[in-house]
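Peer 1: Take this structure first; my questions come after.
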Amino acid sequence: MRNRLNITGLWANRHLRYIIATMVVCSIIYYLPAIAGLAGLTSLRVTLDGFHNLYGIDFYGLVFFAPVVYAAYMLGVMPAVLAALIAMLILLPHAILIDNYPNALFKPTAFVIILSAVGAVVAMLQKSDEQRRRSMKELECLYDVGKAAEESGSISEFLSRVAALIPQAMQYPEETGVSIKIRGSVFQSPDFRKYSSKIAENLVVGGEILGSVEICSSRNSSYLRNQSHLTRTLAERISGAVRQLELEQSLRRYYEQLEDEVEKRTKDLEHVQEKLIRSERLAAVGELASGVGHELRNPLNVIRNCVYLLNMPLTDKEDEEALNTLKVLDKQIDIANKIVTDLLDFTRIRPPSLARVDLSNLITESLSWVEMPKNITVAANLNGNSLPVKIDAEQIGRVFTNIISNAVQAMNGKGELKIDTGLEDGFAWTSFTDTGCGIPEENLEKIFEPLFTTKPKGIGLGLAISKRLVEQNGGRIEVASQIDKGTTFTVKLPLEKRR
């Protein structure tokens, strides 16, 4: 049974079938004169028989170079010598029975020696050429591995590409499979199949074994042993590339962390700088308030008293123009007095006296403190709910009054002021929406800064004071605006906690 399997395996080799078929054809050609004689074609036999010894050369014997050279090129030296011996056996009957040469064995033996020598030379040339092609494929594979290491963004991508590249460097790529194992991950060549014959090398990085590269083949083990040097070189190259990629990834992560740290420190510095600028502004405002505030109050009070005294002897019928002038003067005194008050209040805001306050009532009261033009309508949607908040009513009332006054000024005497209230996450919110000119986006973050204003009149302390009052009452103030559509200020205040 084993001999039958061996014969079947040999016959399955297509090169062996080609050699046998060529031998049969060469034998027919060699014995063609004898075949013609047996067929009774005497004249043809004489003509063809002349080629057996034309100028001392047997031209029919030259055809046997074909199977011997083919065997040498495809199978190697020993099959070529075996083919030459078979050719000798084929030539031997002709030398003994037909040829009239004195020494019958000399010509076949010499011919076999020549055939064997030619076959050996062809086999060595073919082996050298095959070795050159194999070396070129191996060098190309190593180059592609290095190129993959440069182009890959991760170790996984690199190893996947390498597993597909290695079979192309082998003599039989379709019968070769590659499996790379590293840190619990496995990367295999396309259509990988695990064969019995295999060779493996460890992947070593910095003295640590990270995994292995394994090459499997359906060929015998001797074929893989010839690839051991390539496998060892590939393992070293892959290990070096993995180390390089790990260093690059580590360096990239370090750069990212460094950039994040620099960005964080930059933001911290900007925040500290903003605080410093704010402190300097507050110091300037405080110095201005303490140095000028009290000094202005006395002249203003004197002017107000003089206006009062001038106004006493006048009646409406005597001098209407003088009365109007005194009223304008009195109003300007109020404006100047308010500026002084804002300066003093900003630098010495007292701590809040927290108490339970009804938010709806506070909004209604704040509306009564602002003189509303005829062409401005107020839509107060208080939902009929009593929202109890724990705040300082006087301070928050000033905030509401300031926001309402700013809305009236922004609408320039015509528009609608909408007031809404509601509850959200333990806070009672109140929104004031006007239909005024709006605030540019680049100014939204600046409107709460002291001394910043876009109004022709005022010193830019109203919203800064309002923000401080809201925050020290445990709330926060927000703003949203669109140019030519209006602005919405939202004040969120903490609800009174029930026992």
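The values are calculated or read from the model by the stated rules, or taken from the named source; none is laboratory data. Since the model is a prediction, treat every value here as computed from it, not as a measurement. Here the Cβ positions follow ideal geometry from the backbone for every residue, glycine too, while neighbour counts run over all protein chains shown.
Peer 1: Please determine whether any residue of the stretch 406-426 is within 30 Å of Glu280 (Cβ to Cβ), modelled with pLDDT under 85 and either buried (at least 18 other Cβ atoms within 10 Å of the Cβ) or more than 47 Å from the chain's Cα centre (by Cα) (or both).
Peer 2: no
Peer 1: Another question, then. Quick check: is even one residue across the stretch 175-186 part of a loop (DSSP other than H, G, I, E, B) and either at positive phi or touching a His at 6+ places or on another chain (Cβ under 6 Å) (or both)?
Peer 2: Checked the stretch 175-186: at least one residue is part of a loop (DSSP other than H, G, I, E, B) and either at positive phi or touching a His at 6+ places or on another chain (Cβ under 6 Å) (or both).
Peer 1: Any residue that is in contact (Cβ under 8 Å) with a residue 60 or more places away in the chain, assigned to a helix (DSSP H, G or I) and touching a strand residue (DSSP E or B) at 6+ places or on another chain (Cβ under 9 Å) - is there at least one of those in the stretch 137-157?
Peer 2: There is at least one residue in the stretch 137-157 that is in contact (Cβ under 8 Å) with a residue 60 or more places away in the chain, assigned to a helix (DSSP H, G or I) and touching a strand residue (DSSP E or B) at 6+ places or on another chain (Cβ under 9 Å).
Peer 1: Give the number of residues within the stretch 138-172 that are under 34 Å from the mean Cα position of the chain (by Cα) and closer than 19 Å to Ile199 by Cβ.
Peer 2: 13
Peer 1: Looking at Ala36, is it loosely packed, with under 14 Cβ neighbours inside 10 Å and either modelled with pLDDT of 75 or more or within 58 Å of the chain's Cα centre (by Cα) (or both)? Before you say what the answer is, go through the steps one by one.
Peer 2: On the way: loosely packed, with under 14 Cβ neighbours inside 10 Å: no; either modelled with pLDDT of 75 or more or within 58 Å of the chain's Cα centre (by Cα) (or both): yes.
The answer is no for Ala36.
Peer 1: Continuing with this model, one more query. So which of Ile303, Ile238, Ile277 ends up being closer than 30 Å to Gln332 by Cα, modelled with pLDDT of 75 or more and part of a helix (DSSP H, G or I)?
Peer 2: The unique qualifying residue is Ile303.
Peer 1: Also, quick follow-up: Return the residue satisfying two criteria in turn: it lies in the stretch 340-360 and is assigned to a helix (DSSP H, G or I) and at pLDDT 70 or above, and of such residues it is surrounded by the fewest Cβ atoms within 10 Å (Cβ to Cβ).
Peer 2: If we take residues in the stretch 340-360 being assigned to a helix (DSSP H, G or I) and at pLDDT 70 or above, then Thr341 is surrounded by the fewest Cβ atoms within 10 Å (Cβ to Cβ).
Peer 1: Among the residues of the stretch 160-206, which ones are closer than 24 Å to Met136 by Cα, in contact with a Ser or Thr (Cβ under 8 Å, 6 or more places away or on another chain) and of a type in the set (Ser, Thr, Tyr)?
Peer 2: Tyr172, Thr176, Ser179, Ser189
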